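A quick write-up on the structure given underneath.
The values are calculated or read from the model by the stated rules, or taken from the named source; none is laboratory data. If you're wondering where the values come from, they're calculated on a predicted model, not measured in any experiment. Cβ: placed from backbone, ideal geometry, glycine included. Neighbour counts: every protein chain shown.
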Amino acid sequence: MKSNRLAASLGAAFLLTASVSTAALAQAPVCSAPVKVLAQPRDGLTLLEDSKDEFKKLSGASFQIDYLNENDRRAKSRADASTVGNYNVYYVDEANVALFASSGWIAPLADYYPAEYDFADFDPGRQKVATYDGKVWFAPLTGGGDLMVYRKDVLEAAGIQPPKTLDELIADVAKLNDPDKGMYGIALRGARGSGANVWRWMPFFKAYGGKWFDGDKPAFNSDAAVKATETYLKLFKDSAPGTQTGSWDESTGAFLSGQVAILVESTPLSGMAVDPKTSQVVGKVGFLPPPSPLPGGGYGHGLAIGTKANQDDASKKCAGLFIAWATSKENEKRRLDAHQFGELNRTSILSSKEFADIYGADLGQALADTGKVTAVNFWQDPRWPDLGDRWGIILEELVTGTRTDIKGGLNELEAYADELVKKK
Amino acid sequence: MRRRSSLPVTFLVPTLAILLVLSMVPTLYAIVIALQNRELSTPSYSWVWFSNFADLFLDRRFLNAVWVSVKWEIVTVVATMVVAIGLGVLMFEVASPRLRNVYCLLFIIPVLLPRVSAAFVWKFAYHPLYGIATYPYRLVTGGLIFDPLSKASTALFAVASVDVWQWGLFFAVIVLKYLETLPPQPIEAARLDHAKRWQIHAYVTLPMLKAPLISLMFVKMIESLRSFDLIYVMTRGGPGVATETLDMYAFSQGFIESGKVSYASAMAVLMMIATVITFTMLWKRVQA
């Protein structure tokens, strides 16, 4: 009897202890230290910093975001992820996700992304860009394709219809270029980089039928690449000052300050163009898909879990929770309320009535139309940044006139590509 | 006696040991890496010995970077010294002691600015449409566009002018202070001999300051070798490769483009050897 009582008491004590531990475990904070994030400046991330307390309440720790501009962020994250691993979360993009994933610098996101945050709600195109080798690696912060953004008033005054083909675009840009009146036909990107000048050049390359590789054999040294480069250089003659060594900031800045008639750029520009806080051309802007046969440059940027700084499963879960929270429907709704067009990625938000009320039916239609011609223009391979950046330097030399031999530049790139292939 | 002779050793050995570790460990590590084929994207590597060095001499960008570095060194050092001596002498000759102090304060401000901040400020100043530095050109030509950072012929000089703005003005203050510490007798003697002002400086004061001016020049030569931050912010080595110095190209190969850390280390090692040889030769020549 005594032993029965003892056993019962011990059992009760065990159950009590177990239930208390389970309860304690359920309430245990997911994060034990602040989450360190390396990113590039985004309005959405700045807005996120206003809700630090919310994340602290959710996870038990805060977060710290270090910002570097796009090229610096790429260089720094590559150096950090491959050596010391100071950051729990990296901002990655379509151009370097293959390199980061194949090098083991980031962890597959799906394993640590809480199901309740509904990853499937992200725009399917962006999910595709975030996927490499059959696994999802980042949750999108921005993404999309290209839109042709043009000044309706300037085109009307010149009696020109918005161009529908590439040939029309080339002809219209020359007609609209009037530097004496402070109006430039177009704004392109001249600064080196796979995500800079090469990014804007690639639609021309693809439009003329170019392709990067045929199996393991470089195939880009072709008439298509020569013609694409010639067209790019021709258009650059009418590109706004400062863009020859500039990138996204310079070309969109020139358009938003009212100096450019037409440009084909990534979709976030359209949101900036209708926002009085960033644009001096509100109400004068039209949107259409890129002139045929230019494909849009499909892209996506987002947050991924670093492996070096997150050695154990618990810290990976913490990083995963941060990414899920940062890209959640609630936070995306806050971005919509703040009119941060370029920071919207979820279908539930993009198809909402509130979105249509803010941005109008025209832009919605243009976005839907451009989705049909959006494509992945770059070489989806870990060696892409290496090859793309090398072409970026040669292209910058061509744009700024420090070299003139297009074919010589392509030959040089092909020799470099052969080396890259041999190293695989 | 014995206690006296051991004191310098007691103080010097730990200091030199720390210095040796701090300077030799990274140097030796750089040499070791330069003999391998390490890349950031893969943990595996092998010994390739002098292959990286051989490749460098076939690399057009490396050869261009050597030439750009030489140009950069000459332009910035010569221009800095000319500005420093010119302004220093001018202040000494025409400004009252109180005004000199005001100038000194103003001339020190640029060098106190972090290099990256100075680079950003001037990058915007050189903007072809809004820049204050390009405004006079637009005004004179009736609105023509001049974009100094996107032209190969002007980009290096545009960036070098920022370096000279920071260091030339600072060195002018030092030159003024040197001039103020000179004994007045030789200058007065020259005046009694009816020497003109420029002759006094060309034949009396500046020759008297030869040693400190050479030291200043050496400081600037070393400083000019570390111009990476300025060039990185203002041009990233562009347009094309027109301002790509050796340190810029090494960083580019190591961390921006291809992650070839061994190739970048080989460049750093060659740069170190070239610097040591050049500076030793110059130092010996100056001392002779």
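Quick one: would you say A:Lys206 is without any contact (Cβ under 8 Å) to a residue 60 or more places away in the chain, more than 14 Å from every other protein chain (Cβ to nearest Cβ) and either surrounded by 15 or more Cβ atoms within 10 Å (Cβ to Cβ) or part of a strand (DSSP E or B) (or both)? When the stated conditions are applied, A:Lys206 does not pass them.
Please identify the pairs in which a residue from the stretch A:106-119 that is free of Cβ contacts under 8 Å to residues at least 12 places away in the same chain and surrounded by fewer than 20 Cβ atoms within 10 Å (Cβ to Cβ) has its Cβ atom under 9 Å from the Cβ atom of a residue that is acidic (Asp, Glu) and in a loop (DSSP other than H, G, I, E, B), counting only partners at least 6 apart or on another chain. Cβ pairs passing all conditions: none. Hey, any hits in the stretch A:142-159 for a residue that's within 27 Å of the chain's Cα centre (by Cα) and part of a loop (DSSP other than H, G, I, E, B)? Yes: one or more hits. Scanning the stretch A:52-95 for residues being outside any helix (DSSP H, G or I) and either surrounded by fewer than 19 Cβ atoms within 10 Å (Cβ to Cβ) or touching a Pro at 6+ places or on another chain (Cβ under 7 Å) (or both) gives a total of 14.
Of the residues screened, A:Ala174 is one that is surrounded by fewer than 17 Cβ atoms within 10 Å (Cβ to Cβ), in contact with an Asp or Glu (Cβ under 8 Å, 6 or more places away or on another chain) and more than 14 Å from chain B (Cβ to nearest Cβ). If only residues of the stretch B:32-51 that are over 32 Å from the mean Cα position of the chain (by Cα) and of a type in the set (Gly, Ala, Ser) are counted, the one that is farthest from A:Asp80 (Cα to Cα) is B:Ser46.
Among the residues of the stretch A:407-419, write down those that are over 17 Å from A:Val226 (Cβ atoms) and either in a loop (DSSP other than H, G, I, E, B) or out of contact with any helix residue (DSSP H, G or I) (no Cβ under 6 Å at 6 or more places or on another chain) (or both). Selection gives A:Asp418, A:Glu419.
Scanning the stretch A:274-326 for residues that are buried (at least 19 other Cβ atoms within 10 Å of the Cβ) and out of contact with any strand residue (DSSP E or B) (no Cβ under 8 Å at 6 or more places or on another chain) gives A:Ser315, A:Lys317, A:Leu321, A:Trp325.
Please work out which residue is surrounded by the fewest Cβ atoms within 10 Å (Cβ to Cβ), limiting yourself to the stretch B:245-275 and to residues that are within 24 Å of A:Arg403 (Cα to Cα) and within 9 Å of chain A (Cβ to nearest Cβ). If we take residues in the stretch B:245-275 being within 24 Å of A:Arg403 (Cα to Cα) and within 9 Å of chain A (Cβ to nearest Cβ), then B:Phe251 is surrounded by the fewest Cβ atoms within 10 Å (Cβ to Cβ). When the stretch A:79-92 is filtered for residues that are in contact with a Ser or Thr (Cβ under 9 Å, 6 or more places away or on another chain) and of a type outside the set (A, V, I, L, M), the ones remaining, listed by number, are A:Ser82, A:Gly85, A:Tyr87, A:Asn88, A:Tyr90, A:Tyr91. If I filter the stretch B:150-165 down to residues being at pLDDT 95 or above and in contact with a Ser or Thr (Cβ under 9 Å, 6 or more places away or on another chain), which single residue comes out as nearest to the other protein chains (Cβ to nearest Cβ)? Per the stated criteria, the residue is B:Ala155. Among the residues of the stretch B:40-61 satisfying the criterion of being within 13 Å of chain A (Cβ to nearest Cβ) and hydrophobic (A, V, I, L, M, F, W, C), which is surrounded by the fewest Cβ atoms within 10 Å (Cβ to Cβ)? Top of the filtered list is B:Leu58. Restricting A:Leu336, A:Leu363 to those that are buried (at least 19 other Cβ atoms within 10 Å of the Cβ), free of Cβ contacts under 8 Å to residues at least 24 places away in the same chain and within 20 Å of the chain's Cα centre (by Cα) reduces the list to A:Leu336. Listed by first and then second residue, the pairs with beta-carbon distance under 8 Å, at least 6 apart or on different chains, first residue in the stretch A:34-56 and under 23 Å from A:His339 (Cβ atoms), second among the aromatic types (Phe, Trp, Tyr) and surrounded by fewer than 19 Cβ atoms within 10 Å (Cβ to Cβ), are A:Ala39/A:Tyr67; A:Gln40/A:Tyr67; A:Pro41/A:Tyr67; A:Leu45/A:Tyr67. Taken over the stretch B:140-149, the residue count meeting the criterion of being facing another protein chain (nearest Cβ under 9 Å) and part of a helix (DSSP H, G or I) is 1.
For the stretch B:212-244, filtered to residues that are within 10 Å of chain A (Cβ to nearest Cβ) and closer than 15 Å to B:Gln166 by Cβ, the residue that is surrounded by the most Cβ atoms within 10 Å (Cβ to Cβ) is B:Met234.
Exactly one residue out of A:Asp418, A:Asp405 is over 21 Å from A:Lys217 (Cβ atoms) and away from chain B (no Cβ under 12 Å), and it is A:Asp405. Of the helices (runs of 4 or more DSSP H) lying entirely inside the stretch A:241-349, those carrying at least 2 residues that are among the charged types (D, E, K, R) are A:248-256, A:313-326, A:329-337.
Residue by residue, here is whether (1) more than 13 Å from chain B (Cβ to nearest Cβ); (2) at pLDDT 90 or above holds:
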| residue | (1), (2) |
| --- | --- |
| A:Arg74 | no, no |
| A:Ala81 | no, yes |
| A:Gly85 | no, yes |
| A:Asn88 | yes, yes |
| A:Pro108 | yes, yes |
| A:Asp111 | yes, yes |
| A:Asp118 | yes, yes |
| A:Asp121 | yes, yes |
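Restricting attention to the stretch A:368-400 and to residues that are at the interface with chain B (Cβ under 9 Å from one of its Cβ atoms) and among the basic types (Lys, Arg), the residue that is surrounded by the fewest Cβ atoms within 10 Å (Cβ to Cβ) turns out to be A:Arg383. Evaluation of A:Ala196 against the conditions (1) in contact with a strand residue (DSSP E or B) (Cβ under 8 Å, 6 or more places away or on another chain); (2) within 18 Å of A:Gly388 (Cβ to Cβ); (3) within 14 Å of chain B (Cβ to nearest Cβ) shows that the sole unmet condition is (1). Does A:Arg403 count as without any contact (Cβ under 8 Å) to a residue 60 or more places away in the chain, part of a helix (DSSP H, G or I) and surrounded by 14 or more Cβ atoms within 10 Å (Cβ to Cβ)? Here the answer is no, as A:Arg403 does not meet what is asked. Evaluated against (1) touching a Ser or Thr at 6+ places or on another chain (Cβ under 7 Å); (2) assigned to a helix (DSSP H, G or I), A:Pro29 falls short on exactly one condition, (2).
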